[in-house]
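Reviewing the structure listed below.
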Amino acid sequence: MLEHLSEGLSLLMRIDTFVMTGFGLLLGMAVGALPGFTTVMAMAILLPVSFFMDPLVGIPFLIGIYKGGIYGGSIPAILINVPGTGASVATTFEGPALTKKGQSRKALDMALFASVIGDFSSDVFTILLMAPIAALALMVGPPELAAIVLFSLIIISGTTHGVFVKGLIMCAFGIFLSMIGQDPLGGMSRFTFGFFELKSGIPLLPLLIGVFALPEILVAVGDKTTAYIAGNKSIIQGSRLALRELTRCSKTIFRSTGIGIFLGMVPGVGQVVAAFVGYAAAKKASKHPETFGTGELEGIAAAESANNAVNGPTLVPLLTLGIPGDNVTAILLGAFVAQGLRPGPQLMVEQAPLMYALLLAMLFANLLFIILGYLTIPFFARVVSIPKAALLPVTAVFAFAGSYVFRSDPFDLVLLVFFGVFGFIARKLQFDVTPLVMGFILGPILEYSFGQTVNLAGGDMVSYIVLERPIAGVVFVLSVIAAVTILWGNYKKRKKSLAGDLAKNHGD
Amino acid sequence: MSDSVRTSAEADTGKKNWNFNTTIALIFIVFWGGVYFIIPYQIAKPKLFLGRSLMGLEPTLFPTISVILIICLSFWYLFVSKTIQEVNELIRMDKEQIVKTVVTIAAFCAYTQMFDSLGFIFSTILFACPLTIYFGTRNPITIALVSIVCPVLIYLIFSTLMHVYLP
């Protein structure tokens, strides 16, 4: 591992990687600072830009957008009580109160330092974890892979926004979309409905940009808060964060980092949950919990370190098994595939120095981030007041140009608009599109490994799994247990909600 | 996960046994039922060698399993739909929001048509300029920046820096 790390370090020592990572960080911060513009949207529309760069430049560029975006979301959360991204919702519990007290600069500094410490620690953990998991992943055969993919899809469908069955339907729909084109085993044409353009299947890029970026634009078009955001003049006030204030929160930062790292390893959980859990744990552990909600720096440290600590571990299943755990890693998977790299155990063996170089790029991105973030906070604080009306058409143009350039096929634009409208309607009807994207990406892997398993089993699937591949059997049973647990949780939640409504009606 | 689940007072559950989720579940059952029946016509048949397929696995097997799974999930969705309390944000959109959304989608469609035939820069000017004004920007400098400078910059980034073709 040390040998691969040193080789990776020598690969990484190039100026263009650092320049593009820094550019990605600044772009991410700008997008995160704009309420209504998400990090995922920025990554989706800038994904095609990374295709035409060297992997060691393009992927760190996207990682920079991701890291910058998660922190950038805290800027409007602190200054104007509008979270720039979902991950910064918990930051609004303390940030605006600190701004009211005239301590917005302290709050922004704390958010930056807590983010970088959380992120850096999680990246170190990820690097250490990568080698043993990759070694284990090498032992994974088709039956185990099929079971792991099934398990991931169930967890992703259960942990994303919305009702479980709706998540599962979207996931299954994604799998169906992945079947359009050719089957991965025999190359037979299927579900093309007479369209020549569909013979090679639905390309990932228009789907990703369509469901992640265009609905954001369509929602923002009808968003009545636009004028309010545009009219706000945010000013940074107060003194900078003192070292003793940072050290006072160190215990909280490391606790939240641990929470973030743990939750980051669970597919689909993500930053939002981590931030809430980190904040709640800090409040519970505090000697003065009554100060939480009134402008407590510790609350910002807790939420920001937790949500950023998710960043590293989410890459573990992607790089070791080729399974993206959330929408951000799904976009990163798109970047890897376009660069001719198929994440998975083989890639960790064949291209280990490159993989370690990419992981080290994450560490360097954090170091760069603390410098750039510290210097540019006042500038990004002004970004929150940029009117959306001017940015929406630019975002749309980038989305269209990005979808077109990969194949230079006008049909991709048709698919882009189709998936954009589909994503918008799905969102309005409370369907989450993340399981759809995961189903689309993991569908071919599931189908291929399932097909190979059927062939290997030679007609007696149950005996084959139970007697010869018990690990696959265990993961399959775990999938069923996970589904039942999620269902039970949903049932209890619904029952509680109905009981509350009944009590309310009786009270009326 | 609970963000979308509202109390019944907020939700569109005026008709206790029927809500938008029930309607969607029924549409899904009909749609995926239809897809199930067209599977044999939408999947090419494998070539036979001495009367037997050379493929170990029938090409229809995985699609059939998937579609049956979606149909089962749709029935489950129908079954639980009456207890789901969610807001149908689509029908809650007011007239202004509907008009803005429809106009934007129409602009997307028009841009899709113009993109290849008129070329990137010209089609983008025709797309971005009216849209920027429609979204409420009145400052001519901002309009020019968005609709002229931006497309030229994007074109230069892709074609000159990355050597990628844009029409």
Quotient of Cα Rg and 2.2 N^0.38 Å for the protein assembly as shown, N being how many residues it contains
0.95
Checked against the positive end of the charge dipole of the protein assembly as shown (+1 on Cβ of Lys and Arg, -1 on Cβ of Asp and Glu, about the Cα centre), the farthest of B:59, A:406, A:395 is A:395
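With every protein chain left in place, what is the accessible area per residue of chain A in square angstrom, probe 1.4 Å?
36 Å²
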The Cα radius of gyration of the range A:293-428, divided by 2.2 N^0.38 Å with N its residue count, comes to 1.35
Relative contact order, percent, of the range B:22-167 when contacts are C-alpha pairs under 8 Å separated by at least 6 residues?
19 percent
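Take the cross-link list A:106/A:287; A:67/A:388; A:100/A:287; A:67/A:284; A:166/A:428; A:67/A:100 and give me the ones stretching past 18 Å between alpha-carbons.
On the way: A:106/A:287 21 Å; A:67/A:388 22 Å; A:100/A:287 24 Å; A:67/A:284 28 Å; A:166/A:428 13 Å; A:67/A:100 27 Å.
From A:106/A:287; A:67/A:388; A:100/A:287; A:67/A:284; A:166/A:428; A:67/A:100, over 18 Å: A:106/A:287; A:67/A:388; A:100/A:287; A:67/A:284; A:67/A:100.
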Could you order peptides A:435-446, A:461-472 by the average number of other Cβ atoms within 10 Å of their residues, highest first?
A:435-446, A:461-472
First obtain the Kirkwood hydrodynamic radius of the range B:47-167 from its Cα pairs, then insert it into the Stokes-Einstein equation at 10 °C and 1.306 mPa s, and state the resulting D in µm² per second as a whole number.
80 µm²/s
Tell me which DSSP H helices of chain A clear both cut-offs, 24 Å or more of axial length from alpha-carbon atoms and a mean Kyte-Doolittle hydropathy of at least 0.0.
A:15-33, A:55-72, A:104-137, A:142-159, A:352-383, A:388-405, A:410-428, A:434-457, A:470-507
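In percent, what relative contact order does chain A have, based on Cα pairs under 8 Å that are 6 or more apart in sequence?
Once divided by the residue count of chain A, the mean separation gives 29 percent.
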Give the residue from A:437, A:132, A:454 lying farthest towards the positive end of the charge dipole for chain A; charges sit on Cβ (+1 for Lys and Arg, -1 for Asp and Glu) and the dipole is referred to the Cα centre.
A:437
What is the Cα radius of gyration of the range A:325-365 over 2.2 N^0.38 Å, N being its residue count?
1.17
Treating the beta-carbon of each Lys and Arg as +1 and of each Asp and Glu as -1, no other charges, what is the dipole magnitude of the protein assembly as shown about its Cα centre, to the nearest 20 debye?
1540 debye
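The values are calculated or read from the model by the stated rules, or taken from the named source; none is laboratory data. All values reported here derive from a predicted model rather than from experimental measurement. Reconstructed Cβ throughout: ideal geometry from the backbone, glycine too, with neighbour counts over all protein chains shown. These accessible areas exclude ligands, DNA and RNA; they are computed on the full protein's heavy atoms, side chains included. Shrake-Rupley method; radii C 1.70, N 1.55, O 1.52, S 1.80 Å.
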